[in-house]
1. Contact order normalised by length for the chain, with contacts defined as Cα pairs under 8 Å and 6 or more residues apart; what percent is it?
2. Of Ile392, Phe358, Phe36, which is farthest along the charge dipole of the chain in the positive direction, counting Lys and Arg as +1 and Asp and Glu as -1 at C-beta?
3. Compare the peptides 104-115, 26-37 by average per-residue count of other Cβ atoms within 10 angstrom and give them in order, highest first.
4. Determine which residues of region 134-163 fall in the zone a paramagnetic label at Leu508 would reach in this model, i.e. backbone nitrogen under 15 Å from the point 7 Å along Cα→Cβ.
5. Which value, in debye to the nearest 20, describes the size of the charge dipole of region 82-158 about its Cα centre when Lys and Arg Cβ atoms bear +1, Asp and Glu Cβ atoms bear -1, and nothing else is charged?
6. What does the convex hull of the alpha-carbon atoms of region 157-263 project to on average, in nm²?
7. Can you list residues whose amide H is under 5 Å from Phe195's amide H, if they're 5+ apart or on another chain and H is modeled 1.01 Å from N?
8. Given a Förster distance of 51 angstrom, what is the FRET efficiency for Asp426 paired with Thr295, based on the Cβ-Cβ distance and rounded to 0.05?
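Taken together, the values in this text are just the output of simple stated rules run on the coordinates, not laboratory data. Everything quoted here is computed from the prediction, not taken from an experiment. Reconstructed Cβ throughout: ideal geometry from the backbone, glycine too, with neighbour counts over all protein chains shown.
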Amino acid sequence: MSLRPVPPRCDETPAWAALAGHYQAHGRGFDLREAFARDPQRFESLSVEAGSIFADLSKNWLDAATLRCLLDLADQCGIQQRRQSLMNGEVLNTTEGRAALHTALRAPRGQGPFSAEVHAVLDAMLEFVEGVRQAGRIRHVVNIGIGGSDLGPQMAVPALQAFTHPDLTLHFISNVDAHDITHLLRRLSPHDTLFVVASKTFTTQETMANAHAAKAWFKAQGGRDIGAHFVATTTNVAAAADFGIRTTFGFWDWVGGRYSLWSAIGLPIALAIGAQHFRDLLAGAHAMDQHFAHTPLKRNLPILLGLLDIWYRNFHHLSSRNVAPYYQGLGRLPAYLQQLEMESNGKSVNLRGEPLEFATSPVIWGEPGTNGQHAYFQMLHQGTDVIPVEFILVKTPFHDLVESHAKLLANGLAQAQALMLGKNTDEARKETPPTASPNIDPVTLAHHRTFRGNRPSTTLVLDALTPHSLGQLLALYEHRVFVSGAIWGINSFDQWGVELGKAMCSKLLPRFQTGEMTGLDASTAGLLRRLISE
Ligand code: F6P
């Protein structure tokens with residue numbers, strides 16, 4: 001593994017200056033409705049297929065000229081070399097001296113770096129999985145982990161519900177708030193429960209607290225064989241053994257937490273969907289890796305989405321992106337993507353350690369459709385901020401309520417359409433208001449009922465949500481986050497921002513016993529006093 005030279009600063013490239021000029025001349029005033037009227041081929045030219053994912057980018061504030069400038073930026077920032085460095089396992093995570101080789105975890109046997117090690121663990125893990133599924137003694141699996149050791153499996157298991165074992169129920173415990181684990185344990189019994197203690201480091205406060213609580217409960221309920229009911233997924237095999245765990249599936253420091261569901265951290269997913277489907281998930285991700293690695297930039301979906309993110313964040317100054325999966329099984333996808341994107345790209349210095357003079361990660365947030373429509377879509381349609389929305393539509397469901405599914409898809413399509421087309425005040429005036437009030441004149445009412453429209457969205461369409469297509473979708477997001485991070489010249493693979501709060505918590509915790517206030521700021525002291533008062 002070698003260190004790569006630091007890439008050029010994106011904001012010093014000619015393409016960045018060209019984009020700033022293009023924004024002033026065409027970008028600020030871009031109107032989607034006019035763009036469609038001007039170019040009848042807009043949908044065809046701005047939609048891309050990557051494996052089984054169809055992406056419609058045509059409802060975004062861009063055209064061929066914008067794309068040319070963005071592709072120049074990618075080129076001038078050395079995106080091809082950065083991508084090659086990622087795939088080769090070069091040390092991109094310079095502050096921790098590590099590669100970021102999640103792509104190696106899903107490469108077919110015999111391909112990619114560390115293939116022998118990766119497939120040895122995968123084979124052992126999947127053999128264990130099939131053993132548990134076939135023996136039928138375990139009915140409940142409790143994954144204890146947090147962040148990357150929780151969010152991937154917690155998101156993927158319900159997403160793939162149609163493929164899950166009917167007699168195995170998966171539970172996910174993450175928060176140090178014992179509200180969660182105590183409530184769950186009341187409903188379980190030790191003889192048919194398997195605990196997976198998932199932690200890359202096996203030191204994380206929340207995970208260790210919950211693992212010890214589970215062990216205490218297990219013993220108190222008469223459980224005898226810890227080794228048979230607790231397994232670990234970790235890089236810290238020794239700590240797992242100290243805990244009393246005999247079965248550990250390992251991984252490596254070059255697997256980042258938020259990129260780890262493809263590793264042993266995916267054990268709960270494999271237990272739920274079985275070995276073959278887990279291999280399909282990996283194969284789907286690998287197919288997207290191939291698309292990312294080999295497709296020319298202008299048809300390369302992760303590249304295009306990453307560039308679009310730069311265009312909105314740095315030139316239009318949009319600070320958030322909404323993710324709207326119209327598929328209830330993807331209910332935890334926004335939370336998963338929050339960690340993936342915000343922990344990766346929420347940085348304010350470049351690889352040289354210099355402060356950045358431009359914005360990085362947007363806020364990622366969302367809920368499944370149609371629920372979000374009845375909560376915050378009001379703001380998306382009529383609020384003062386423009387928030388690009390990413391709709392995810394799945395053509396064929398795994399249930400047979402065809403009419404419900406048509407309603408779901410129609411809702412998703414209609415929201416994207418309404419965001420773009422809007423409704424002007426004249427149109428609003430011509431309508432008969434459903435509840436015309438005598439206290440408001442029709443003109444004023446029409447202003448309240450006006451939608452400015454021209455609000456951008458991207459729509460991703462999947463034929464069905466299978467392990468393979470989910471693998472593609474998640475790898476697409478990983479690479480898209482890589483692309484914006486690489487252009488910004490930041491380290492997308494460290495997370496120093498979570499350390500300070502952790503360290504302060506360690507120092508505060510003993511004060512809950514001692515009541516010692518010395519050295520605390522007045523606000524923290526005042527609050528602590530209140531929290532510990534008799
Ligand atoms: O939140 C910080 C973090 O280090 C994440 O990056 C990681 O996914 C999570 O904590 C859990 O860490 P571990 O797997 O070591 O318990």
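1. RCO, the chain: 19 percent.
2. Ile392
3. Ranked from most to least packed, the peptides come out as 104-115, 26-37.
4. none
5. Working: 8 positive and 7 negative charges, 41 e Å.
Once rounded to the nearest 20, the dipole reads 200 debye.
6. It is 7.2 nm².
7. Excluding prolines and chain starts, which carry no amide H, the hits are Val142, Phe230, Val231.
8. 0.70
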